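Novice: For reference, the structure I am asking about is given below.
The values are calculated or read from the model by the stated rules, or taken from the named source; none is laboratory data. Keep in mind that this is a model prediction, so the values were computed, not measured. We place every Cβ from the backbone using ideal geometry, glycine too, and count neighbours over all the protein chains shown. Side chains included, ligands, DNA and RNA excluded: accessible areas come from the protein's heavy atoms. Shrake-Rupley method; radii C 1.70, N 1.55, O 1.52, S 1.80 Å.
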Amino acid sequence: MKVILDVDTGVDDAQAILVALSRPDVEILGITCCHGNTPLSNVLKNTLRVLKVCNRLDIPVHRGCPGPLLAEKQSASDYHGKDGLGDVHDPDPPNMDILQKRKGPRAIVKLVRQNPGEVTLVATAPLTNVALAVQLDPTLPSKLKALYIMGGNIESRGNTSVCGEYNFYTDPEAAYIVLDRYTCPTYIFSWEFTCRNSLPWSFIDTWLAVNSEKASFMKSIWNLSMKKSRSADYQKEITAGKGFNSCDTYAVAAAIDGSIITEKEEVAVSVELNGGHTRGMMVLDYMDLLKKKHKAVIVKKVDLEKFKAMLTDSLK
């Protein structure tokens, strides 16, 4: 299976990358980096840092967009840390000279053209790179096998603004373009979905206690986020007390093993751009008023036991 990962590497992107790397049947053609959880310069360093821990610096990493198309830049440093990986000192920083010269959107276009009908694109960042790729090549969606997106919301529940999920709110215009122009099979893992499919803390504690270099790395970079995630207010507001929310990892896990999806629905979607309170909110057109032929797959539930097994394998 051939995959491109489009990331804004914070702690959950790091976890998602590890899951993809753990599968011998998955070939990561490239990783494109985008602004988002942390500034692009950090995203690039973080991505290489994750690959270094996994001894996979052979995977091409591409510099993508440093900011949104029109919106103001956002930051998620309160959750991911100022550097995006929990502000854990790296005694041996990766060599930035190994970054590819081809920029992210152009890399997506080239890799898909070289492998028509074979590439699954997984986007766990604001959709700026993905939007610019289809601007460069309007036929790109017809060449993609599928697109998996972590982002958006299905019940107007926001985590950044009143009604805005972080990835979509950070670049609403890009999200609008992607949902409008990508007509390949499209799977969306919304904010509410990730909250309702959170993992028990008992599993997380056992998972991170594994004796491996990868587990030690993940435990260190997640330390800051875990403290916030375990707080009473976060548990009440985000996961209804159920446990740990591993946002980006769901999209990667489902992309490489679709059998983990146990409940879904298909509906046309768009993004609100103008509302004072609703800018960046994903719109679900159950009444077919938008007259869109393309329907996105909205994922509702996954098999958490299979998901746990994938997470466990990723730290071996």
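Novice: Can you tell me which residues in region 1-34 are among the acidic types (Asp, Glu) and not in a loop (DSSP other than H, G, I, E, B)?
Specialist: Selection gives Asp6, Asp12, Asp13, Glu27.
Novice: Considering region 81-139 alone, what residues qualify as being among the hydroxyl-bearing types (Ser, Thr, Tyr) and surrounded by 14 or more Cβ atoms within 10 Å (Cβ to Cβ)?
Specialist: Thr120, Thr124, Thr128
Novice: For region 1-42: of the residues being among the aliphatic types (A, V, I, L, M), without any contact (Cβ under 8 Å) to a residue 60 or more places away in the chain and under 18 Å from Leu127 (Cα atoms), which is surrounded by the fewest Cβ atoms within 10 Å (Cβ to Cβ)?
Specialist: Only one residue fits best here, namely Leu40.
Novice: What is the residue count in region 274-304 for residues that are among the aliphatic types (A, V, I, L, M) and touching a Leu at 6+ places or on another chain (Cβ under 9 Å)?
Specialist: Adding up the residues that qualify gives 5.
Novice: Can you name the residue in region 286-316 that is more than 30 Å from Leu18 (Cα to Cα) and in contact with a Ser or Thr (Cβ under 7 Å, 6 or more places away or on another chain) and is also most open to solvent (accessible area, probe 1.4 Å) among such residues?
Specialist: Here the residue is Leu290.
Novice: While we're looking at this one, here's another question. Among the residues of region 123-147, which ones are under 22 Å from Asp12 (Cα atoms) and in contact with an Asp or Glu (Cβ under 7 Å, 6 or more places away or on another chain)?
Specialist: Ala123, Thr124, Ala125, Pro126, Leu127, Thr128, Asn129, Val130
Novice: What's the number of the only condition in (1) of a type in the set (A, V, I, L, M); (2) crowded, with 21+ Cβ neighbours inside 10 Å; (3) within 22 Å of Ile188 (Cβ to Cβ) that Ala71 fails to meet?
Specialist: (2)
Novice: Another question, if that's okay. For region 161-181, indicate whether the set of residues that are of a type in the set (Ser, Thr, Tyr) and open to solvent by less than 10 Å² (accessible area, probe 1.4 Å) is non-empty.
Specialist: Yes, region 161-181 has at least one match.
Novice: Right, something else. Here are some conditions: (1) open to solvent by 20 Å² or more (accessible area, probe 1.4 Å); (2) at pLDDT 95 or above; (3) under 16 Å from the mean Cα position of the chain (by Cα). Pro66 meets all but one. Which one does it not meet?
Specialist: Pro66 satisfies all of (1) open to solvent by 20 Å² or more (accessible area, probe 1.4 Å); (2) at pLDDT 95 or above; (3) under 16 Å from the mean Cα position of the chain (by Cα) except (3).
Novice: Also, I was wondering about something else. Do you know which residues across region 228-264 are surrounded by fewer than 19 Cβ atoms within 10 Å (Cβ to Cβ), more than 14 Å from Arg196 (Cβ to Cβ) and modelled with pLDDT of 95 or more?
Specialist: Residues satisfying the conditions are Gly258, Ser259.
Novice: Identify, please: which residue in region 177-203 is among the polar types (S, T, N, Q) and part of a loop (DSSP other than H, G, I, E, B) and is, among those, farthest from the chain's Cα centre (by Cα)?
Specialist: This residue is Thr183.
Novice: Okay, next question. Of the conditions (1) in a loop (DSSP other than H, G, I, E, B); (2) at pLDDT below 95; (3) crowded, with 20+ Cβ neighbours inside 10 Å, Ser225 satisfies every one except a single condition; which number is it?
Specialist: Exception for Ser225: condition (1).
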